[in-house]
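Here's the structure, in structure tokens; my notes come after.
The values are calculated or read from the model by the stated rules, or taken from the named source; none is laboratory data. Here the structure is a predicted model, which is why all the values come from computation and not from measurement. Please note: Cβ atoms are built from the backbone with ideal geometry, for glycine as well, and neighbour counts cover all protein chains shown.
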Amino acid sequence: MAKTPKAKPEPIEEPESLTASLERAAKGDVDPKLSVSLVVAGGAPSQRYHFDLAASGSGEVRTEFGDERSDRRGKARERKLDETQFAEHVRAILASGVLETPTEMPRFLPDTVVGILELADATSRRRWYFAADPEQARSQGAIPPPALVKAADAIFALGGKVMGKRSVKP
């Protein structure tokens, strides 16, 4: 019997890492499927706060916020960021060092203003949870790492810029 050679399987190509996607975007080679989002919400009923920003490499950005304590509100839908603006935003997030910060799900007391920072591309996603109100974070012993605070601050700054507000932080 003649032996027929077995077909060799093609090697499986590893998807590009999220870090590599972000680094490429920071240099201006932006993947439309790359996304950055920050949702911050919580507080006692009379002191509710919410902030929601989602930006993608396709240029889409939407954001809104409301703060019951200071009676501030804002919203921006269907705004666009060009690739240069998105790359600048990604550079600020990379510079924060947040990618070296471990992701963990801490526990929070009721009415805590909780932030969820998410970075994602077509194949992977990373999420960080943190107490977004500095006073609440201190009293609960849940002070977020400085890199996470820097990344969130960069996103708050983008949200304020898009909505034409000076500050949108809690």
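Within region 112-134, does at least one residue satisfy the condition of being closer than 20 Å to Gln47 by Cβ and free of Cβ contacts under 8 Å to residues at least 24 places away in the same chain? Yes, region 112-134 contains at least one residue that is closer than 20 Å to Gln47 by Cβ and free of Cβ contacts under 8 Å to residues at least 24 places away in the same chain. Regarding Val30, is this residue at pLDDT 90 or above, over 20 Å from Ala157 (Cα atoms) and among the β-branched types (Val, Ile, Thr)? Considered against the rule, which asks whether it is at pLDDT 90 or above, over 20 Å from Ala157 (Cα atoms) and among the β-branched types (Val, Ile, Thr), Val30 comes out as yes. If you go through region 130-170 and keep only what is within 19 Å of Thr63 (Cβ to Cβ), surrounded by fewer than 16 Cβ atoms within 10 Å (Cβ to Cβ) and small (Gly, Ala, Ser), you end up with Ala157, Gly164, Ser167. Can you find even one residue in region 142-160 that is touching a residue at least 12 places away in the same chain (Cβ under 8 Å), farther than 20 Å from Ala54 by Cα and touching a strand residue (DSSP E or B) at 6+ places or on another chain (Cβ under 6 Å)? Looking through region 142-160, at least one residue is touching a residue at least 12 places away in the same chain (Cβ under 8 Å), farther than 20 Å from Ala54 by Cα and touching a strand residue (DSSP E or B) at 6+ places or on another chain (Cβ under 6 Å).
Inside region 100-125, residues that are farther than 24 Å from Tyr49 by Cα and surrounded by fewer than 17 Cβ atoms within 10 Å (Cβ to Cβ) make up a count of 6.
Name the residue that is farthest from Leu81 (Cα to Cα), counting only residues in region 37-59 that are aliphatic (A, V, I, L, M) and part of a strand (DSSP E or B). Out of the qualifying residues, it is Ala41. Could you look through region 31-46, keep only residues that are without any contact (Cβ under 8 Å) to a residue 60 or more places away in the chain and of a type outside the set (Ser, Thr, Tyr), and pick out the one that is surrounded by the most Cβ atoms within 10 Å (Cβ to Cβ)? Restricting to residues being without any contact (Cβ under 8 Å) to a residue 60 or more places away in the chain and of a type outside the set (Ser, Thr, Tyr), the top hit is Pro32.
When you scan region 111-121, do you find a residue that is among the acidic types (Asp, Glu) and modelled with pLDDT of 95 or more, even just one?
Just the residues of region 111-121 that are among the acidic types (Asp, Glu), to begin with: 111, 118, 121.
Filter again for modelled with pLDDT of 95 or more, leaving 118.
The answer is yes, given that some residue of region 111-121 is among the acidic types (Asp, Glu) and modelled with pLDDT of 95 or more.
Taking (1) in contact (Cβ under 8 Å) with a residue 12 or more places away in the chain; (2) surrounded by fewer than 16 Cβ atoms within 10 Å (Cβ to Cβ); (3) within 28 Å of Glu135 (Cα to Cα); (4) of a type in the set (Ser, Thr, Tyr) in turn, Tyr49 satisfies each apart from (2).
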